[in-house]
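Worksheet: the structure to be examined is printed underneath.
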Amino acid sequence: MRPQCGGSPFCSLRTQRVEARIVNHPGHPRQWSLAAQLMALQLAVVVLLLGAGLAGAYLQVADTSEDRAAKVSVSVASTIAEMPAVLQALDDRDPSETLQPLAERVRVRTDTDFVVIMSPTGTRYSHPDPTRIGHTFIGTIAPAAAGGTVIETYTGTLGPSVRAVVPVRSDGEVVALVSVGITTSQVSEVLATRMPLMVGFAVLVLLAGTVATWLITSRLRRQTHGLGSSELQAMYDHHDAVLHSVREGLMVVDVDGRVHLINDEAGRLLELGPDDIGRRVDELGLPEDLAAALSSGERREDELHVSASRVLVLNQTSTQWQGRHLGTVTTLRDRTELEALTGELDRARSLTDALRSQQHEAMNRMHTVVSLIELGHQERAKAFAVDGLHLAQRLTDDLVSSIKEPTLAALLLGKASEAGELGIEFEVEVEGELPEGVFEARDLVTIVGNLVDNAFDATQNRTTGRDRPARVEIGLHVADGRLHVDVVDSGDGPPADTSIMFTRGWSTKSSSGEQAHGLGLALVQQTVHRLRGTIEVRDEEGAMFSVELPFSLDPTANRDEVTDATSSRG
């Protein structure tokens with residue numbers, strides 16, 4: 001799983017809108033922004049829902065109005081059918097004289113459109129239009145003539161209407177029919193009075209939905225910088241490709257000190273994985289000074305830091321968006337190989353300087369020997385020529401015979417020459433034999449070389465005990481599958497808190513030295529831990545460093561253990 005960004009506006013992921021936007025090619029229409037598309041979609045949905053709701057409400061009101069008209073018609077017709085005056089009028093020679101005024105009074109009072117009283121065969125006794133009295137009723141009457149009730153919407157002489165037809169009984173026999181109706185135009189008038197309220201409510205809902213949609217899309221537009229969906233997709237694809245292909249490690253930390261993003265290279269350099277995203281920097285198990293730098297929020301340029309297994313160059317800058325501090329963006333470069341080569345180059349230069357000094361000394365000794373011979377002092381010339389050579393030869397023989405690793409032997413011989421040049425007494429004690437190849441030569445050079453260099457510096461820069469001779473002692477002891485390295489100097493001794501000696505920046509050199517001062521002991525500790533060894537410091541009238549490294553006679557096993565130790569920290 002690759003570390004992902006998660007829509008953060010940080011650094012390159014927050015590249016300025018003008019630079020980050022995918023430029024439209026000529027002839028291609030400008031895409032709607034994602035926010036605009038969302039707003040259009042939301043408004044369309046709101047309008048569709050409101051339209052459907054309004055139509056449903058209209059149909060509901062229409063059905064309710066028709067049902068009400070039908071119930072009113074049945075009620076009025078049934079009431080008229082039970083009136084005694086109607087039965088009495090039916091016995092008259094001309095029922096219309098009595099029934100017409102009665103029907104009109106009821107029609108006006110009940111706000112219906114027509115009240116028609118008729119014979120069982122449909123001959124009208126009353127009608128709102130008196131000219132139609134005596135004519136046949138237009139509509140369905142058969143069920144009512146049989147004693148039932150008819151409810152229907154029918155187009156009669158007054159137009160479409162909702163009507164009811166009920167029988168008038170006398171001694172159980174149907175003697176007349178009563179029809180009461182309400183025209184559909186009156187029903188429509190009821191709907192018309194209610195529609196403005198429904199439309200007004202729909203408009204209010206539409207306005208509220210529009211405002212809410214505008215607020216949401218405005219926020220989205222700010223967050224997406226007005227980019228369209230394809231532009232966001234293209235930007236994401238490009239940024240993702242860059243993040244996972246760039247050779248520098250990239251790490252984004254938010255204002256709360258939590259890891260927001262790490263690319264592949266940063267994960268490799270810091271031995272972190274996707275699960276570490278979202279964790280606080282101080283929970284990642286990084287060295288204290290490196291964790292402090294990553295979570296400080298301060299601007300840093302080309303700082304050297306030591307992680308569990310690497311030397312890193314750190315650059316860090318804070319990010320802001322619209323005046324708001326978002327966190328920091330850190331880039332990391334691996335300088336492990338370069339630092340190792342630089343150390344080897346420094347030691348080679350020291351050895352070269354020592355050899356150059358010895359060359360001058362040898363030339364002086366040779367001139368002296370020649371002069372003594374010319375003066376006839378052959379014996380004195382011989383004694384002068386071999387004086388001191390047996391000590392150097394003995395050191396060489398001891399190292400070559402006991403240390404089968406030629407790189408380490410050469411390093412110590414070079415340091416012996418350098419010590420002589422610096423006026424430092426240099427003593428090497430070797431017990432046991434260190435087989436060749438059990439350790440990587442570079443690791444041994446890093447540990448022993450930096451410890452000896454630190455001892456030389458501590459001895460030369462001491463502020464107390466200058467009456468004592470400047471002296472550096474090295475002990476190499478091989479026993480029970482372990483290499484013990486002891487380096488003792490005659491300097492001022494370690495500080496009370498020895499742990500600070502292994503932090504980046506601590507050095508026995510003066511502050512006017514090289515920029516890389518303060519990495520030597522940190523590299524020693526890093527290498528010792530990677531080899532699953534231990535390192536201790538104590539005060540022995542000077543500083544005494546004790547390193548213990550386990551090893552196997554199978555070099556492959558040693559390398560496998562180192563690999564396991566390194567991967568276990570990831």
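Residues checked against (1) assigned to a strand (DSSP E or B); (2) farther than 14 Å from Ser179 by Cα; (3) free of Cβ contacts under 8 Å to residues at least 12 places away in the same chain; (4) not assigned by TED's automatic domain parsing to the domain that holds Val175:
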position	(1), (2), (3), (4)
Ala77	no, no, no, no
Ile80	no, no, no, no
Ala89	no, yes, no, no
Asp92	no, yes, yes, no
Gln100	no, no, no, no
Arg107	no, no, no, no
Thr131	no, yes, yes, no
Gly139	no, no, no, no
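Looking at the stretch 479-491, which of the residues that are in contact with a helix residue (DSSP H, G or I) (Cβ under 8 Å, 6 or more places away or on another chain), not in a loop (DSSP other than H, G, I, E, B) and not charged (D, E, K, R) is farthest from Glu540 (Cα to Cα)?
So the residue we want is Val485.
In the stretch 247-269, how many residues are over 14 Å from Asp282 (Cβ atoms), in contact with an Asp or Glu (Cβ under 9 Å, 6 or more places away or on another chain) and among the aliphatic types (A, V, I, L, M)?
4
Any residue that is of a type in the set (Lys, Arg), closer than 30 Å to Asn461 by Cβ and modelled with pLDDT of 75 or more - is there at least one of those in the stretch 375-385?
The answer is no, given that none of the residues of the stretch 375-385 is of a type in the set (Lys, Arg), closer than 30 Å to Asn461 by Cβ and modelled with pLDDT of 75 or more.
Go over the candidates Leu261, Leu243 one by one and state the one that is surrounded by 14 or more Cβ atoms within 10 Å (Cβ to Cβ) and modelled with pLDDT of 85 or more.
Leu261
With the condition kept exactly as written, say whether any residue in the stretch 168-175 is in contact with a helix residue (DSSP H, G or I) (Cβ under 7 Å, 6 or more places away or on another chain), part of a loop (DSSP other than H, G, I, E, B) and in the same structural domain as Ala70 (by TED's automatic domain parsing).
For the stretch 168-175, residues in contact with a helix residue (DSSP H, G or I) (Cβ under 7 Å, 6 or more places away or on another chain), part of a loop (DSSP other than H, G, I, E, B) and in the same structural domain as Ala70 (by TED's automatic domain parsing): absent.
From the list Thr79, Thr112, exactly one residue is over 60 Å from the mean Cα position of the chain (by Cα), crowded, with 21+ Cβ neighbours inside 10 Å and not charged (D, E, K, R). Which is it?
Thr112
Inside the stretch 117-129, can you point out the residues that are in a loop (DSSP other than H, G, I, E, B) and either of a type in the set (A, V, I, L, M, F, W, C) or in contact with a helix residue (DSSP H, G or I) (Cβ under 7 Å, 6 or more places away or on another chain) (or both)?
Pro120, Tyr125, Ser126, Pro128
Being small (Gly, Ala, Ser) and surrounded by 17 or more Cβ atoms within 10 Å (Cβ to Cβ) is the filter here; which residues of the stretch 460-481 pass it?
Passing the criteria: only Ala470.
The values are calculated or read from the model by the stated rules, or taken from the named source; none is laboratory data. For clarity, every value in this text was computed on a predicted model and none was experimentally measured. Neighbour counts run over all protein chains shown; Cβ positions are idealised from the backbone, glycine included.
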